[in-house]
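Student: Got a structure here, written out as structure tokens. Questions coming.
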Amino acid sequence: MSTLTIVKFLVIVPKLLPKAIKFVKMECILAVDAKHCNKIIGTYFEKCGKVGTLSNDYKMICIDEYCQSRDKKSTCDTYAELSRLCSSDGPGTYVSWRDDPDVVCGRF
């Protein structure tokens, strides 16, 4: 995972997220493509204690990443970070996110 990804989650989400959300293109939010991020985060990460209250914010970051490249692989760092955050809660649904047929991330 790159340093930029870690900084994105540790700095942008808590402090600057409202500004970051403004940069997400509206057509991407409304597009069918946004369903990818909504489905994966909603299914596997939304119930985690550290993610739950910010799940919509993480979805916006994921959608922005996906819209910039139109490649599902661009969301892998986001999912990996969410999995790391969820791991402090102990076992849960997040552990099987890589098994979802819509996820194209390899094992790290």
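Student: Hey, could you check region 13-49 for residues that are under 22 Å from residue 103 (Cα atoms), assigned to a helix (DSSP H, G or I) and of a type in the set (Lys, Arg) and say which is modelled with the lowest pLDDT?
Tutor: 35
Student: Also: Tally the residues that are within 18 Å of residue 92 (Cα to Cα) and crowded, with 21+ Cβ neighbours inside 10 Å, restricting the search to region 49-80.
Tutor: Counting residues in region 49-80 that are within 18 Å of residue 92 (Cα to Cα) and crowded, with 21+ Cβ neighbours inside 10 Å gives 3.
Student: Of all residues being assigned to a loop (DSSP other than H, G, I, E, B) and either out of contact with any Lys or Arg (no Cβ under 7 Å at 6 or more places or on another chain) or among the charged types (D, E, K, R) (or both) in region 78-103, which is nearest to residue 44 (Cα to Cα)? Just the residue, please.
Tutor: Filtering region 78-103 for residues that are assigned to a loop (DSSP other than H, G, I, E, B) and either out of contact with any Lys or Arg (no Cβ under 7 Å at 6 or more places or on another chain) or among the charged types (D, E, K, R) (or both), the one nearest to residue 44 (Cα to Cα) comes out as 100.
The values are calculated or read from the model by the stated rules, or taken from the named source; none is laboratory data. Bear in mind the structure is a predicted one, so any value in this text is a computation, not a measurement. In this analysis, Cβ positions are derived from the backbone assuming ideal geometry, glycine residues included, and neighbour counts consider all displayed protein chains.
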